[in-house]
Amino acid sequence: MIKVVKFGGSSLASAEQFRKVKDIVNADKKRRYVVPSAPGKRHKNDVKVTDMLYECYALAEAEGEFKPLLRKIRARYNEIINGLKLNMSLDEEFKVIEENFIQKAGIDYAASRGEYLNGLIMSRYTGFEFIDAAEVVRFRKDGSFDADTTNKILRERLKKSQTAVIPGFYGAQENGHVKTFSRGGSDITGSVVAKACKADLYENWTDVSGFLVADPGIIENPKGIKVITYKELRELSYMGAAVLHEDAIFPVRREGIPINIKNTNEPEDPGTFIVESTCQKPEYTITGIAGKKGFVAVNIEKDMMNSEIGFGRKVLAAFEENQISFEHTPSGIDTFTVFVHQEEFEGKEQSVLSAIHRLAEPDSIDLEADLALIAVVGRGMKSTRGTAGRIFSALAHANVNVRMIDQGSSELNVIIGVSNEDFEQAIKAIYDIFVVTRL
Ligand code: ASP
């Protein structure tokens, strides 16, 4: 049995955190492959090493004075090395990095050094072999991630190593040119490693004890989610509840490997299990509530719209022309509404409206701004009668006016549109009815 363990930046920000991590790794012999992030924030106002590297490289590229900042980065690592009393030095590594910065080795190379150096420390500290991700995680010439080649190379390489540290976040093209995933991408590396060694479990260690039923900024001490399916998570993360990089789901999901989100600072907490499917009954009818403010509803009306072939396509083409993605498209018999992000839409508003007029010739278009969308998600909703009824009566009691309803055909979620002002109140009302009162 193999477990792959990935540790996030806050779990590796200091010597003290490294000690916790080693205890966790040593506590279970199945934890054979470790994927570290770069050192994150030690406290709220701290700066992540990855951000320091981006800034430092920008200076180098502009031929500015980048060395003082590089020394600051080195100090972050030295603090960890000295705190752990390790007999090692990264001085030679930093010489190479400095030289490569002068040679303008690229922004991805620069950012990747955060994980690379942390991986070297982790390897020395745990005694696990160091495997440079540049050798085993492959990107194509066009910069996209090459999952198949990576899987082949990585699987062969891991077979030769009983225990190893593989730094997260980066890989390389065939010619050795370093590439990174998008921000937070160490989660993806962990998933890719889990797939390659056919792990039984992918543990993703962070600084929270898994997912919460609702945002703690809105609900005081919300309950944790014990088990969530990949599909439910998609519905929730889609609305902004991301603890895990979205792309980290795909490699393990196909292999049926569960992900366990765990808390480095509270290792006894069970955390959240993310699974393909489960017959475990959820604790509450709903698994989670997530939402986001700042949407605009573009309401398009046209008589006899329902019998006009291609109307929807023409309307959506107007958004596509303007490079705007849409969130939802609830429709009525003669109306078609498109929900878009206000930020994205504002600057292009008039250009979208004229495109809709040109392409779809509607009778009228009307805009409604400052709306919030709330997703109520749960695999338990399908088998429970009256869920929608309970949501809406709770909202009515809380004096929240519902502006839009959209139930996905999977019956996994109900999306509710309210005004920005009612957002928090609406979430509280829904949480209360399902979790506190347990209706
Ligand atoms: N260090 C990278 C970042 O800050 C990747 C990661 O932590 O997953 O985005």
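What to note about this one:
- Residue pairs meeting the criteria (Cβ under 7 Å; at least 6 apart or on separate chains; first farther than 11 Å from Ala15 by Cβ, in segment 77-101; second hydrophobic (A, V, I, L, M, F, W, C) and open to solvent by 40 Å² or more (accessible area, probe 1.4 Å)): none
- Any chance Glu232 is away from the ligand (no atom under 12 Å from the Cβ), open to solvent by less than 10 Å² (accessible area, probe 1.4 Å) and touching a Leu at 6+ places or on another chain (Cβ under 9 Å): yes
- The one condition from (1) open to solvent by 70 Å² or more (accessible area, probe 1.4 Å); (2) part of a loop (DSSP other than H, G, I, E, B) that Glu156 does not meet is (2).
- Within segment 114-130, the set of residues being in a helix (DSSP H, G or I) and either farther than 14 Å from Ser186 by Cβ or open to solvent by 20 Å² or more (accessible area, probe 1.4 Å) (or both) comprises Tyr116, Leu120, Ile121, Ser123, Arg124, Tyr125, Thr126.
- Residue match in segment 163-177 (condition: β-branched (Val, Ile, Thr) and either surrounded by 23 or more Cβ atoms within 10 Å (Cβ to Cβ) or within 16 Å of the ligand (Cβ to nearest atom) (or both)): yes
- Meets criteria (open to solvent by less than 30 Å² (accessible area, probe 1.4 Å), among the β-branched types (Val, Ile, Thr) and more than 13 Å from the ligand (Cβ to nearest atom)) for Ile97: yes
- Some residue of segment 269-283 being out of contact with any strand residue (DSSP E or B) (no Cβ under 9 Å at 6 or more places or on another chain) and surrounded by fewer than 16 Cβ atoms within 10 Å (Cβ to Cβ): yes
- Given (1) of a type outside the set (Ser, Thr, Tyr); (2) surrounded by fewer than 20 Cβ atoms within 10 Å (Cβ to Cβ); (3) within 14 Å of the ligand (Cβ to nearest atom); (4) under 19 Å from Phe94 (Cα atoms), number of the condition Asn78 does not satisfy: (3)
- Among the residues of segment 112-149, the one identified as within 16 Å of the ligand (Cβ to nearest atom) and among the basic types (Lys, Arg) is Arg113.
- Total residues in segment 6-20, condition within 14 Å of the ligand (Cβ to nearest atom) and either under 22 Å from the mean Cα position of the chain (by Cα) or acidic (Asp, Glu) (or both): 8
- Residue under evaluation Arg390, criteria (1) surrounded by fewer than 17 Cβ atoms within 10 Å (Cβ to Cβ); (2) within 22 Å of Tyr284 (Cβ to Cβ), criterion not met: (1)
- Test: Tyr109 is within 16 Å of the ligand (Cβ to nearest atom), surrounded by 22 or more Cβ atoms within 10 Å (Cβ to Cβ) and either farther than 21 Å from His245 by Cβ or at pLDDT below 95 (or both): no
To keep it simple, each residue is scored yes or no on (1) assigned to a helix (DSSP H, G or I); (2) under 20 Å from the mean Cα position of the chain (by Cα).
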| position | (1), (2) |
| --- | --- |
| Pro167 | no, yes |
| Arg183 | no, yes |
| Thr189 | yes, yes |
| Val192 | yes, yes |
| Ile219 | no, no |
| Ala248 | yes, yes |
| Arg253 | yes, yes |
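- The strands (runs of 3 or more DSSP E) found entirely in segment 306-418 that carry 1 or more residues being of a type outside the set (D, E, K, R) and free of Cβ contacts under 8 Å to residues at least 24 places away in the same chain are 326-328, 404-407.
- For segment 32-64, residues that are more than 16 Å from the ligand (Cβ to nearest atom) and over 23 Å from the mean Cα position of the chain (by Cα) total 7.
- Qualifying residue in segment 185-195 (condition: open to solvent by 40 Å² or more (accessible area, probe 1.4 Å) and hydroxyl-bearing (Ser, Thr, Tyr)): no
- Within segment 162-178, the residues that satisfy the criterion of being of a type outside the set (A, V, I, L, M, F, W, C), farther than 19 Å from Glu203 by Cα and out of contact with any Ser or Thr (no Cβ under 8 Å at 6 or more places or on another chain) are Gln173, Glu174, Asn175, Gly176, His177.
- Residue match in segment 209-228 (condition: more than 27 Å from Ser410 (Cα to Cα), buried (at least 17 other Cβ atoms within 10 Å of the Cβ) and among the polar types (S, T, N, Q)): yes
- Taking segment 248-268 as the range and being over 15 Å from Lys6 (Cα atoms) and at pLDDT 95 or above as the test, the residues that pass are Glu266, Glu268.
- Ala133 vs. criteria touching a Gly at 6+ places or on another chain (Cβ under 6 Å) and open to solvent by less than 20 Å² (accessible area, probe 1.4 Å): yes
The values are calculated or read from the model by the stated rules, or taken from the named source; none is laboratory data. All figures in this text were calculated on a predicted structure; none of them were measured in a lab. Neighbour counts run over all protein chains shown; Cβ positions are idealised from the backbone, glycine included. Ligands, DNA and RNA are stripped out before the accessible areas are found, and what is left, the full protein with its side chains, is counted by its heavy atoms. Shrake-Rupley method; radii C 1.70, N 1.55, O 1.52, S 1.80 Å.
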